[in-house]
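The values are calculated or read from the model by the stated rules, or taken from the named source; none is laboratory data. Predicted, not measured: the structure shown is a model, and the values here were computed from it. Every residue, glycine as well, gets a Cβ built from its backbone with ideal geometry; the counts of neighbours run over all protein chains shown. Calculation scope for accessible area: heavy atoms of the full protein, side chains included, ligands and nucleic acids excluded. Shrake-Rupley method; radii C 1.70, N 1.55, O 1.52, S 1.80 Å.
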Amino acid sequence: MSMLAAYACHPELSRGRRYEEPPPAGRNAFQRDRDRIVHCNAFRLLEYKTQVFINHEGDLFRTRLTHSLEVAQIARTLARNLGLHEDLVEAIALAHDLGHTPFGHAGQDALHDCMRELAPGAGGFEHNLQSLRIVDALEERYAAFNGLNLCFETREGILKHCSAAHARTLGDVGERFLTRTRPSLEAQITNLADEIAYNNHDIDDGLRSGLISIDQLLNLELFASHHARVVQACPGIDPRRLVPEITRAMINTLIIDLTETTLANIRDHAPASADDVRAAPVLAAFSPTIRQQANDLKRFLMENLYRHYRVMRMTYKAQTIVRDLFTAFFQDPRLLASKHRRDDPNEQARAIADYIAGMTDRHAIREHDQVFRMGSGFSA
Ligand code: MG
């Protein structure tokens, strides 16, 4: 661990946990949070949840788990460059996607629509809020409390965005959405590490799948400039090594640009504590040129990969599975094991959302078969 800057989050100055606990022996409070996240059930489920490609489409595609590990690795590099707390960014990175439904964003959108249509008073579904709900309430591992009882700083980083209506129900971590202040720098850089990770690994996975091509990507400044650099430095490079060399160089450029721009912002605003960071404007940022290039890349991936007809077919199937399950369970909760049943309709909708969101891709497919496929027998 490098020297912690004054503006970093210091574990001994933490705003604390929801339930008071004695400090850990032999590790700091943020290390304990990281360790609790790695040991929880929701973390292991990330291995079988879709990032972009459904889990069983190919063994080399990213899953939510490998995505989260890549985010943690990039965030740790940034934290070390900036004198921030590496254990805290690692904890935030490993927890940031815990609340994702099966089948990625397609599953989340379907679940949200079902909640809005069938139980308008229940508050909808949002994966970011669900990540917080998992660490605050849903994990059942400790004798003294529900959830993982993480530090405020870790929970603050997990809750990236949130509506004012939800913020009012969330206590301390909801406050900044009402006062319009910022989270810690550890939270800010982990959020951007997420973007660096998915932009680059989605290029890699997209090319591997054959849904996008290098020729298309050469229209993008960020990709084209690094492609030219690699081809010039390694003439005749084996095509299989070309893409990893380009993404490796792009990740490096993005990390260096983000480090330099953020350090300049820190110099301008001179925060002397994590609370000064929270009161300042957003400090973690790319330079305007790189921001523009990264936005172009995001737009390209949206139009050409995430909305590719083959991905859209997967999306359609995923939404059908989630919508069928939610509707069947909500209309007749007797289809559910008793632990998922509630008397109040809004609580019932939330319990079904928790149950479906907690499924892996293959669990949701199996459950759909058991409820709807006549040939599947009556062994459900
Ligand atoms: Mg993510």
Going by average Cβ density within 10 Å per residue, which order do the peptides 279-290, 320-331, 58-69 take, highest to lowest?
320-331, 58-69, 279-290
Gaussian network model of the chain, Cα within-10 Å springs - most flexible of Arg168, Arg299, Arg240:
Arg240
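Only helical DSSP H runs with n ≥ 4 go in: add -39500 (n - 2.57) per run for the chain, normalise by residue count and round the 222 nm mean residue ellipticity to 500 deg cm²/dmol.
Helices in the chain give a 222 nm mean residue ellipticity of -18500 deg cm²/dmol.
Output the DSSP H helices from the chain with an along-axis C-alpha extent of no less than 24 Å and a mean Kyte-Doolittle hydropathy no less than -0.5.
Result, helices passing both filters: 64-82, 239-269, 309-331.
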Accessible surface of the chain [probe 1.4 Å, protein heavy atoms]: carbon and sulfur percent
51
Any chance you could list P(r) for the range 11-155, counting all Cα-Cα pairs in 5 angstrom bins from zero, rounded to whole %?
2, 10, 17, 19, 18, 15, 11, 6, 2, 0
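Could you tell me which of rounded, prolate or oblate describes the range 159-212, using a ≥ b ≥ c as the square roots of the eigenvalues of the alpha-carbon gyration tensor, with rounded for a/c under 1.5 and, failing that, prolate when a/b is larger than b/c and oblate otherwise? Don't skip to the answer; put the middle values down first.
Values: a/c = 4.97, a/b = 2.59, b/c = 1.92.
Taking the square roots of the gyration eigenvalues as a ≥ b ≥ c, the range 159-212 is prolate.
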Separation between Cα centres of the range 52-120 and the range 128-187, rounded to whole Å:
16
Could you tell me the relative contact order of the range 1-114? Use alpha-carbon pairs under 8 Å, at least six residues apart, and round to a whole percent.
31
Partner lysines whose C-alpha sits under 25 Å from that of Lys298, ignoring same-chain residues fewer than 8 away, are Lys49, Lys160, Lys317
Over the range 187-337, give the accessible area per residue in Å² for a 1.4 Å probe, as an integer.
50
Springs between alpha-carbon pairs under 10 angstrom, Gaussian network model over the chain: which of Gly236, Gly123, Gly174 fluctuates most?
Gly236
Sequence-separation-based contact order of the range 234-380, relative, with Cα cut under 8 Å and 6+ spacing, percent
14
Cα gyration tensor, the range 310-358 - rounded (a/c under 1.5), prolate or oblate
prolate
